[in-house]
Amino acid sequence: MPISLYDAFVPSTRQILGSVQALLDKAEGWCAEQGCGEAAIVGASLHESMLPFSFQIKSVAQHSFGAIEGVRAGTIDGMGGAMPGDFAGMKALLAKAADGLAAVTAEEMEGLIGRDMTFVLPGMKLPFTAENYLLSFAQPNFYFHATAAYAIMRAKGVGLGKRDFLGQLRMKM
């Protein structure tokens, strides 16, 4: 049996999205333990040329459920949406993405196959089919930004391990 677009995108995205939600809880706890404000994490990056933690979280949301919303619309603004400035805003953004992904059905995803999709950046338009956008652009970007958020927290000293990144595994029971 071939794998469906739904199976290739939604379950793993939900898994890592859930782990990123849990990472935010750990970041909040770490800030409280350290006696520092949340800006210590929210504005942090791995390098001065890299966008901050809050952008990584925004991008996790954008390249998960936001990608499906973009496919539904046929286009997505790569720079669209406000960047959350605090943990509460980031949590709300991720909760919206998680709720949206939970409502997506396999039937809907299969119905998206073959649709035209354009990712728009200032001065650039990247044309895709829905499935190529989701699997060759949105999904790699989703994992990149989830990994960057994890790495920023590790670099700041938040006690995390690999299991924190992996989230809830889908094991055979």
If you average 1/r across every pair of different Cα atoms in the stretch 66-109 and take the reciprocal, what Kirkwood value do you get, in Å?
11.8
Antiparallel content of DSSP bridges confined to the chain, in %, to 5:
65
Those GluC sites (Glu not before Pro) in the stretch 14-87 that DSSP places in a loop and that have at most 15 other beta carbons within 10 Å:
48
Given charges of +1 on the Cβ of Lys and Arg and -1 on the Cβ of Asp and Glu, with all other atoms neutral, how large is the dipole of the chain about its Cα centre, in debye to the nearest 20?
360
At a threshold of 8 angstrom on Cα-Cα distance, excluding pairs fewer than six apart, so keeping six or more, what relative contact order does the chain reach in percent?
36
Kyte-Doolittle mean at least -0.5, axial Cα span of 30 Å or more - DSSP H helices of the chain:
5-34
At most 10 other C-beta atoms within 10 Å and a DSSP loop state: those are the exposed trypsin sites (Lys or Arg not before Pro) I care about. Give me the longest piece of the chain that has none.
1-169
Take the alpha-carbon positions of the stretch 121-161, form their convex hull, and give its projected area averaged over all directions (one quarter of the hull surface) in nm².
4.1
Tell me which GluC sites (Glu not before Pro) from the stretch 88-159 have a DSSP coil assignment and no more than 15 other beta carbons within 10 Å of their own.
none
The equivalent-ellipsoid semi-axes of the chain, taken as the square roots of five times the Cα gyration tensor eigenvalues and listed largest first in whole Å, are 29, 19, 13
Going residue by residue through the stretch 126-133, the Karplus relation 6.51 cos²θ - 1.76 cosθ + 1.60 with θ = phi - 60° gives ³J(HN,Hα) values, rounded to whole Hz and with x marking Gly or Pro, of 10, x, 9, 8, 3, 5, 6, 4
Projecting the Cα atoms of 59, 157, 18 onto the charge dipole of the chain, where Lys and Arg contribute +1 and Asp and Glu -1 at Cβ, the residue farthest towards the positive end is 157
Would you mind checking 58/156; 26/96; 26/125; 26/172; 26/58 for any pair whose Cα atoms are more than 26 angstrom apart?
26/125; 26/172
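Every read-out reported here was derived from the displayed coordinates using simple, explicitly stated rules and does not represent laboratory data. Predicted model only: the values in this text are computed from it and were never measured. Neighbour counts run over all protein chains shown; Cβ positions are idealised from the backbone, glycine included.
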